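First up is the structure itself, then whatever we jot down about it.
Nothing in this text is a laboratory measurement; each read-out follows from the coordinates by a stated rule. Only a predicted model underlies this, so the values are computations on that prediction, with no experimental measurement involved. When we count neighbours, we look across all protein chains shown, and the Cβ atoms used for this are built from the backbone with ideal geometry, even at glycine.
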Amino acid sequence: MSGPREELIYVAAIYTGTGQAKPDYLATVDVEPSSSTYACVIHRLPMPFLGDELHHSGWNSCSSCYGDPSCERRYLILPSLLSGRIYVIDTKTNPREPFLYKFLEPAEVLEKTGLAYPHQPHCLTSGDVLVSCLGDEDGNAEGSGFLLLDSEFNIKGRWEKDGNSPLYGYDFWYQPRHKTMISTSWGAPAAFTKGFDLKDVSDGLYGKHLHVYSWPEGELKQILDLGDTGLLPLEVRFLHNPDKATGFAGCALSSTIVRFFKNEDETWSHEVAISVEPLKVENWILPEMPGLITDFLISLDDRFLYFSNWLHGDIRQYNIEDPKTPVLTGQLHVGGLVQKGSPVFALGEDGNMFQFDVPKIKGQRLRGGPQMFQLSLDGKRLYVTNSLFSVWDRQFYPELVEEGSHMLQIDVDTDKGGLSINPNFFVDFGSEPDGPALAHEMRYPGGDCTSDIWV
């Protein structure tokens with residue numbers, strides 16, 4: 001947390017699904033306030049193919065490799081959710097102008113492992129890299145599992161033992177001192193790549209489970225069924241303190257944050273820690289609108305948890321010094337479907353209709369809703385982008401596809417809690433040289449609180 005302030009941030013920028021025949025790219029954004037290019041995209045690294053849908057990313061090494069002086073945080077692993085390609089980006093040679101080091105073709109991954117739809121990479125203590133994959137070639141959830149790469153990004157095989165694949169795939173986090181890895185479950189690619197349909201939830205094409213694995217052996221020890229209070233668990237984070245046997249998962253459709261924890265008998269249990277009530281609305285596709293918690297993170301000191309309600313449009317900060325009883329300490333509306341000027345209205349408890357006040361930044365109306373996060377190492381600056389997944393963006397926020405994403409920076413009060421928007425920071429991906437782009441996940445060259453795991 002006392003490391004140097006961030007100067008650059010890498011952002012996955014997407015043209016896939018926007019109707020523009022351009023490759024997705026990795027944008028380098030200048031976040032040094034004294035710089036003449038502050039809050040500007042200073043470099044763009046286009047991928048060599050079309051139709052990738054860049055999504056999440058991870059480093060080749062992180063704090064889990066502290067015991068090996070030969071390891072360095074040099075390569076950013078950038079899987080493509082739709083095409084299945086896995087790109088490896090060299091960020092060390094020139095951090096301001098990263099370049100493509102190598103890539104894995106989806107045919108090779110399929111041939112050797114049967115896996116497709118790669119999603120989340122994590123570095124391991126061994127120097128290997130683990131990548132969650134969400135399905136097979138045909139988009140069936142039964143094909144989900146974990147791809148293991150060596151330190152040169154060659155395919156070693158599947159990580160989990162035979163017959164121990166998750167019911168659905170998405171995110172994962174491991175905690176070596178407790179010999180446990182926990183993964184979440186979005187849904188079958190055949191369902192979510194078409195757009196969101198509630199019928200697919202009732203038909204069992206989306207997940208509501210946490211998968212508890214032995215670490216590093218890869219044996220599925222438990223499946224925690226979260227039920228209707230844990231539909232579509234996406235991001236998962238243990239507390240950073242490696243001694244702590246507890247963490248959280250953000251459940252999108254139920255709009256809950258679920259806490260999981262280890263029992264005295266070494267089994268794991270769960271409970272709802274935070275719940276966002278749906279809004280009663282008019283002029284929308286349903287009479288009630290969920291918050292749709294799509295991303296969350298935990299500060300490096302494990303004091304604060306932040307999450308985004310992509311549809312409601314607010315960012316929340318909770319004090320989690322007591323993980324059993326999170327306390328709301330900050331809330332800020334930076335978009336959403338119920339902002340003033342929208343055709344959608346919410347019904348208050350007093351029977352009156354209302355909409356949320358959302359500030360303009362540099363004269364720009366904020367589009368979409370807050371989605372992906374990255375927090376500065378000292379916990380004082382929260383960066384926010386607003387694209388979820390191109391097909392879902394088009395479904396819920398068509399203006400994002402037409403006008404592009406933007407990136408914001410939120411100032412954080414780390415003493416008493418609280419959030420305020422930085423009026424001087426606005427990165428407009430709607431004004432990119434090749435047309436409006438969708439901005440998704442962000443990474444610092446020096447690592448961050450969602451990439452690093454301590455052992």
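Some notes on this structure:
- Gyration tensor (alpha-carbon) shape descriptor, the range 351-405, a/c threshold 1.5: oblate
- Normalised convex hull volume, the range 252-367, alpha-carbon set, Å³ per residue: 133 Å³
- Less than 5 angstrom separates the built amide H of HIS43 from those of THR28, all sequence-distant by 5 or more or on a different chain.
- The phi torsions of the range 71-87, fed into the Karplus equation with coefficients 6.51, -1.76 and 1.60 and a -60° offset, translate into couplings of 7, 9, 7, 10, 10, 9, 8, 10, x, 10, 5, 8, 6, x, 5, 10, 9 Hz, rounded to whole numbers, with Gly and Pro shown as x.
- The amide H of LEU377, built 1.01 Å from its N in the peptide plane, has GLU6 as neighbours under 5 Å, considering only residues 5 or more places off or on other chains.
- The calculated 222 nm mean residue ellipticity attributable to helices in the chain amounts to -1500 deg cm²/dmol, summing -39500 (n - 2.57) over DSSP H runs of n ≥ 4 and dividing by all residues.
- Table column - 3J(HN,Hα) (Hz), the range 45-54, Karplus curve with 6.51, -1.76, 1.60, x for Gly and Pro: 10, x, 6, x, 10, 9, x, 6, 6, 4
- Peptide ranges 318-326, 292-300 listed from the most packed, as the mean C-beta count within 10 angstrom indicates: 292-300, 318-326
- Put a plus charge on the Cβ of each Lys and Arg, a minus charge on the Cβ of each Asp and Glu, and nothing anywhere else: the dipole of the chain about its Cα centre is then about 600 debye.
- Eigenvalues of the alpha-carbon gyration tensor of the chain, scaled by 5 and square-rooted, set the equivalent ellipsoid semi-axes at 29, 26, 23 angstrom, largest first.
- Set of aspartates and glutamates with alpha-carbon distance to LYS22 below 14 Å, sequence-local pairs under 8 removed: ASP52, GLU53, GLU432, ASP434
- With the charge dipole of the chain set up from +1 on Lys and Arg Cβ and -1 on Asp and Glu Cβ about the Cα centre, the Cα lying farthest toward the positive end among the listed residues GLY145, GLN395, GLY417 is that of GLY417.
- Estimated dipole of the range 358-455 in Debye, rounded to 20 [Cβ of Lys and Arg +1, of Asp and Glu -1, Cα centre]: 260 debye
- Rounded to whole numbers, the Karplus 3J(HN,Hα) couplings from phi for the range 142-159 are 4, x, 5, x, 10, 8, 10, 10, 7, 5, 9, 6, 8, 6, 9, x, 8, 7 Hz, using 6.51 cos²θ - 1.76 cosθ + 1.60 with θ = phi - 60°, and x at Gly and Pro.
- Summing Cβ point charges (Lys, Arg +1; Asp, Glu -1) relative to the Cα centre of the range 265-343 gives a dipole of roughly 500 debye.
- Rounded, prolate or oblate (a/c below 1.5 giving rounded, otherwise prolate when a/b exceeds b/c) for the range 288-342 by Cα gyration tensor: prolate
- Exceeding the 31 Å Cα-Cα cut-off - candidates LYS112/LYS262; LYS340/LYS380; LYS179/LYS199: LYS112/LYS262; LYS179/LYS199
- Shape category assigned to the range 13-62 from the gyration tensor of Cα positions, a/c cut at 1.5: oblate
- Relative packing of 234-247, 368-381, 189-202, which averages over residues the other C-beta atoms within 10 Å, highest first: 368-381, 234-247, 189-202
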